[in-house]
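These notes are about the structure you will find just below.
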Amino acid sequence: MDTDITLHGIIPPLVTPLFNDNELDEEGLEKLINKLLKAGVHGIFLLGTTGEGTSLNYKLREKFIRQACSIINKKVPVMVCITDTSFTGSLEIAHICKDARADSLVVAPPYYFPIAEVEMQHYLDDLAVELPLPFLLYNMPSHTKLHMSVDTVKHAKDLGAIGIKDSSGDMFYMIELINSLKNSGNFSIITGTEIFIPETIFQGGDGAIAGGANMFPQLFVEYYKASVEKDFTKIDLLRQIVVEIYKTIYNVGNFSSRYTVSTKCALAAMGVCNDYVAHPLRQFDKPEKEVVYEYVDIIRGMISEYENR
């Protein structure tokens with residue numbers, strides 16, 4: 001198994017463009033991937049939370065993995081979330097990823113039964129030896145009921161994990177991870193909270209799996225570069241735009257699902273792909289769509305002003 005993979009930079013968690021629960025928006029998928037590659041992203045993450053991975057049937061997941069990997073064609077590393085409520089289901093997806101020429105797998109705690117740290121460690125003991133590709137952890141306590149301890153992350157690294165995406169939103173935890181693992185070899189620590197990009201890099205982390213990079217990939221690539229270069233003037237200017245995305249596009253609608261729904265809606269406003277979201281989520285009605293369209297224009301204007309300053 002090739003474990004010589006270094007994950008860093010901006011890695012968009014790709015949305016899954018859909019026409020309905022069974023049909024992929026193939027043209028939209030190609031347009032989206034090409035948009036991201038042109039902007040210089042450093043990798044692409046498939047079937048994560050933003051990609052509605054757990055809402056898609058297995059046939060559709062397989063088609064999406066194969067088509068996305070074919071379009072990307074090794075231009076950047078591809079990681080795929082394989083987590084399923086079924087252990088064997090996760091392994092089946094893992095082998096599809098291997099056949100599709102993905103580069104690594106992403107493993108979160110199975111998301112139905114609440115499990116203890118020791119149960120997660122035993123789960124990883126059994127899973128890791130069966131995986132056909134390198135893997136990294138995905139810490140998403142709001143969705144999985146388990147906030148993985150640093151000890152569990154270390155245990156995963158001992159089993160061969162190459163990194164972790166932390167979407168806990170807990171900066172103290174992120175710093176503890178970095179301090180505990182930064183001198184332990186090839187292990188990438190990547191934030192899933194895009195507003196934390198500078199702090200993650202300053203502390204010794206490696207990058208971000210940033211949902212906003214689906215919409216504005218160049219913005220987040222620049223935000224990452226400014227952080228690496230410690231260009232505080234640029235960081236301040238770019239952070240203002242990122243904060244505005246949080247305050248506008250991410251804040252449309254009344255449900256906790258609005259982040260995923262609004263991201264797809266914004267991409268539809270840009271003419272990139274369809275805005276359909278898989279059940280149980282529901283796409284915005286016309287009034288909300290109109291608000292998102294207005295916000296997209298505002299963010300575009302801020303980016304243009306930054307570029308022309």
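All of the numbers you see were taken from the coordinates with simple rules; none came from a lab. This structure is a prediction, so every number in the text was calculated from the model and none was measured. Positions of Cβ are backbone-derived with ideal geometry, glycine not excepted, and every protein chain shown enters the neighbour counts.
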**Study point:** DSSP-loop trypsin sites (Lys or Arg not before Pro) across the range 202-260, with at most 15 other Cβ within 10 angstrom
**Key:** Lys230
Exercise for review: Place the peptides 162-170, 140-148, 198-206 in order of packing, highest mean first, counting for every residue the other Cβ atoms within 10 Å and averaging per peptide.
Suggested key: 162-170, 198-206, 140-148
Study note, to complete from the structure: Checked against the positive end of the charge dipole of the range 9-229 (+1 on Cβ of Lys and Arg, -1 on Cβ of Asp and Glu, about the Cα centre), the farthest of His122, Ile189, Val221 is Val221
Review point. Taking the alpha-carbon centroid of each part, what is the distance from the range 175-200 to the range 82-105 in angstrom?
Key: 25 Å
Check your understanding: What percent of all Cα-Cα pairs in the range 9-229 falls in each 5 Å bin, counting up from 0?
Key -> 1, 7, 16, 19, 21, 17, 11, 5, 1, 0
Exercise for review: Scan around Phe135 for amide H atoms under 5 Å from its own, H built in the peptide plane at 1.01 Å from N, and keep only partners 5 or more places away or cross-chain.
Suggested key: Leu105, Ile162
**Study point:** Dipole of the chain [Lys/Arg +1, Asp/Glu -1 at C-beta], most positive-end residue of Ala266, Leu146, Ser180
**Key:** Ala266
Practice item. May I have the extent of the alpha carbons of the range 143-204 along their three principal axes, as whole Å values ordered from largest to smallest? Key: 31, 28, 15
Check your understanding: Picking from Thr6, Ser55, Leu24, whose Cα lies most toward the positive end of the charge dipole for the range 1-55 (charges on Cβ: Lys, Arg +1; Asp, Glu -1)?
Key -> Thr6
Check your understanding: Which of the helices in the chain, when you take each full DSSP H run, stretch at least 24 Å along the axis at their Cα atoms and have an average Kyte-Doolittle score of -1.0 or higher?
Key -> 286-307
Exercise for review: Quote the relative contact order of the range 39-131 in percent (integer), defining contacts as alpha-carbon pairs under 8 Å separated by 6+ residues.
Suggested key: 28 percent
Point to revise | the chain, dipole about Cα centre (Lys/Arg Cβ +1, Asp/Glu Cβ -1), debye to the nearest 20 | key: 500 debye
